[in-house]
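See structure below.
Rule-based calculations on the coordinates, nothing more; no lab input. Not measured: the values here are computed from a predicted model. Because the Cβ atoms are built from the backbone with ideal geometry, glycine has one as well, and the counts that use them run over all protein chains shown.
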Amino acid sequence: MTKHTIDDTKTRKAQFWNRVQMIMVFVVFAAPVAGAFLYKPSSFNNYGDLYVPARPVENLQMQGKNGVIELDSFRRQWIMLVTADGRCTKACEDNILKVRQLRFMQNNNMTRIRTVFLHAGLNDAVAADLAAKYTPIESYAVNKSAFKQWTEVLKIEGAPIEAQENRFYIIDPAGNLMMSYPATADPSAIKKDIKRLLKTSQIG
C-alpha cells in the first residue's frame, strides 16, 4: 500500500468521524425541541385534537383596549385561544370561562400562558363586558376579512362542520398551532394534558 493510499484512507476516516460528531451534536441540541413538538400523550386522543405536524400561524394585527398589537408580540408564551365571528354564543362564553380556569389550574406555570379572545364583528360593548367578566382574558378585535383568512389554519382536515365549531385552541411559544378541544371537553383531563405538555416542552 502506497503512502498516498494510506493518507487517503486516513482522510476518509477523519471525514467520516467528523460527520458522526456533527450528527451527534445536532441530535443532542435538537432532541428537546423535537420532543416538545412530537410529544403526544395518549389522553390527547380522548379529549382533543393534536395538529401533526404543528401548524405555523401567521402574524395578525389586532385591536385591543390599548391600541393595535401584533400576535407575534405574544411569542415566548403559550396561548389559549377562543374565537368568535359575529357573536359569542353560550358555547363561546363557556370556552372563555374554561380557558380562564385552565390557566389558573396550572398554578406556578400560569404565567407562561395567555388567554386570548379573538373576535370579528362582535359588538364592542359585548366584547368589553366579556373581557371584564372573565378577567384576565385578553379581548382583541380583527376585521372580518383578516379574521376569515387567519382562522383557516384552525380547521381540522376531514372533520365535519359541526366538529369545527365551538372549539378552543392552544398555540405554542414559537407560534405554532398545537391542539384544539371542543367545548364539551373535560377540564380535569385537559388540565393534565396541558401540565404534561408544559413540563415536557420547557419552552415559553
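Some observations on this one:
- Loop-resident GluC sites (Glu not before Pro) (DSSP state other than H, G, I, E or B) in segment 42-124 with no more than 16 further Cβ atoms inside 10 Å of their Cβ: 58.
- Listed residue pairs exceeding 30 Å between alpha carbons, taken from 90/191; 144/191; 98/155; 90/199: 144/191; 90/199
- Tensor-based shape of segment 46-103 (alpha-carbon gyration tensor, a/c under 1.5 rounded, otherwise prolate or oblate): oblate
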